[in-house]
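Inspection log for the structure reproduced underneath, given as structure tokens.
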Amino acid sequence: MLKKIMQIDRRIIFILVALAVIIPTLLKVSFPITVSEPTRKLYDYIEDLPPGSTVLIAFDYGPSSMAELQPMGMAFLRHCFQKKIRVIGMTLVTDGATLGYEIMQEAAKTTDAIDGEDYVYLGFRPGTIQVMLGMGTTINSIFESDYSESRKGKPLAEIPMMAEIKNYDQIDLVLDLASSSTTEAWIAYINTRYNQKIAAGVTGVIVSQMYPYLQTDQLIGLMPGLLGAAEYETLIDTPAKATKRMSVQSFVHLLVFSLVILGNVAFFIQKRENENV
């Protein structure tokens, strides 16, 4: 029996993992989500903003990171629109242009937010640092018009929401949804130079890089990976994709944890038997 456990076919493990994903999904099993302090700080910051405030969201990720970052964006946008907070969207990543536009449109449909009045999506411009710094002077010097096809290149200053928004002075928060080092660039160039408040939502693999910035208050809040998205959904009382995915992920983690324990127990028992022979 011990020998079979030690030499278990990897195909059996793959089948067990597949079942750990499929069964909870079909049964719609869910676990309670405990909200971490960095996510709550971001939520509380938005809660304290008066209606009519403005936040900027940078959708700095591509399709490969959608699973983690799209749910963050959706939860955050819903919160802003419910609080009547205006949102400017943009991206510094070439393949993120359509992703940001689609999620803003989707969030607007669920909250009746109006394009051009409650939110504006600027799209993509090349030159990360030049774009960041240029927006500190005037946003319309970088983005002459927004991404919307319905306005057909209408000057940015003629869009109702943007009439009084010139640069970072009129923006209360920049949230960077990132899968790379763009958050650090926002901190280095925009927080440092313009004293702009920065928050972040990042993929799980780079979460540890962000904690020093929380400790120095250069980040006012942080959504850590898919868990951060699920936490934000919990705070706005709107469970969605992230909450469901975290529950499934928990079952897979329990399976892997159990297999690791079982393998170690079998190894040490077999080792003891070999020593006694």
Discussion item. Every residue in the range 251-277 that is in contact (Cβ under 8 Å) with a residue 60 or more places away in the chain and of a type in the set (S, T, N, Q), please.
Written reply: GLN270
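For the condition modelled with pLDDT of 95 or more and open to solvent by less than 50 Å² (accessible area, probe 1.4 Å), what is the one hit in LEU226, LEU222, LEU255?
Answer to the check: LEU222.
Those residues that are among the basic types (Lys, Arg) and either exposed (fewer than 12 other Cβ atoms within 10 Å of the Cβ) or closer than 30 Å to GLY221 by Cα (or both), I need them from the range 153-168; list them, please.
Step one: filter the range 153-168 for residues among the basic types (Lys, Arg), giving 154, 166.
Passing the criteria: only LYS166.
Filter the range 211-266 down to the residues that are of a type in the set (S, T, N, Q) and not in a helix (DSSP H, G or I), then identify the one that is nearest to ILE33 (Cα to Cα).
Restricting attention to the range 211-266, the residues satisfying the condition of being of a type in the set (S, T, N, Q) are 215-216, 218, 234, 238, 243, 247, 249-250, 258, 264.
Restricting the remaining residues to those that are not in a helix (DSSP H, G or I) gives 216, 218, 238.
On the way: THR216: 27, GLN218: 26, THR238: 12 Å.
Within the range 211-266, the match that is nearest to ILE33 (Cα to Cα) is THR238.
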Practice prompt. Consider VAL55 carefully, then state whether it is surrounded by 17 or more Cβ atoms within 10 Å (Cβ to Cβ), in contact with a helix residue (DSSP H, G or I) (Cβ under 9 Å, 6 or more places away or on another chain), without any contact (Cβ under 8 Å) to a residue 60 or more places away in the chain and part of a strand (DSSP E or B).
Written response: no
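Filtering the range 59-90 down to residues that are open to solvent by less than 50 Å² (accessible area, probe 1.4 Å) and of a type in the set (Gly, Ala, Ser), which residue is farthest from LEU42 (Cα to Cα)? Steps first, please.
Within the range 59-90, the first condition is being open to solvent by less than 50 Å² (accessible area, probe 1.4 Å), and the residues that meet it are 59-62, 65, 69-81, 85, 87-90.
From what is left, the residues that are of a type in the set (Gly, Ala, Ser) are 62, 65, 73, 75, 89.
Details: GLY62: 23, SER65: 21, GLY73: 13, ALA75: 12, GLY89: 18 Å.
Among them, the one singled out is GLY62.
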Discussion item. I'd like to know if the range 192-200 contains one or more residues that are in contact with a Lys or Arg (Cβ under 8 Å, 6 or more places away or on another chain), of a type outside the set (A, V, I, L, M) and at pLDDT 95 or above.
Written reply: no
Discussion item. Looking only at the range 107-119, how many residues end up being over 13 Å from TYR147 (Cα atoms), surrounded by 14 or more Cβ atoms within 10 Å (Cβ to Cβ) and acidic (Asp, Glu)?
Written reply: 1
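Quickly run through the range 41-52 and pick out the residues that are open to solvent by 80 Å² or more (accessible area, probe 1.4 Å) and in a helix (DSSP H, G or I).
The initial filter retains those residues of the range 41-52 that are open to solvent by 80 Å² or more (accessible area, probe 1.4 Å), namely 41, 48, 51.
Answer for the range 41-52, where residues must be open to solvent by 80 Å² or more (accessible area, probe 1.4 Å) and in a helix (DSSP H, G or I): LYS41, ASP48.
Considering only residues of the range 4-40 that are in contact with a strand residue (DSSP E or B) (Cβ under 8 Å, 6 or more places away or on another chain) and assigned to a helix (DSSP H, G or I), which is farthest from SER250 (Cα to Cα)? So that I can check it myself, show each step before the final result.
Of all residues in the range 4-40, those in contact with a strand residue (DSSP E or B) (Cβ under 8 Å, 6 or more places away or on another chain) come to 36, 38-39.
Pick out the ones that are also assigned to a helix (DSSP H, G or I) and you get 38-39.
Numbers: PRO38: 21, THR39: 20 Å.
In this case the residue turns out to be PRO38.
Residues of the range 103-126 being on the phi > 0 side of the Ramachandran plot and part of a loop (DSSP other than H, G, I, E, B), which ones? Full working, then the answer.
Step one: list which residues in the range 103-126 are on the phi > 0 side of the Ramachandran plot, which gives 112, 116, 123.
Within the range 103-126, ASP112, GLY116 qualify.
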Worksheet entry | Pick from the range 169-199, criterion out of contact with any strand residue (DSSP E or B) (no Cβ under 8 Å at 6 or more places or on another chain) and not in a loop (DSSP other than H, G, I, E, B), ranking: most open to solvent (accessible area, probe 1.4 Å) | ARG193
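The values are calculated or read from the model by the stated rules, or taken from the named source; none is laboratory data. From a predicted model like this one, the values you see are computed outputs, not experimental measurements. Reconstructed Cβ throughout: ideal geometry from the backbone, glycine too, with neighbour counts over all protein chains shown. Remember, those area values only see protein heavy atoms, side chains included, never the ligands or the DNA or RNA. Shrake-Rupley method; radii C 1.70, N 1.55, O 1.52, S 1.80 Å.
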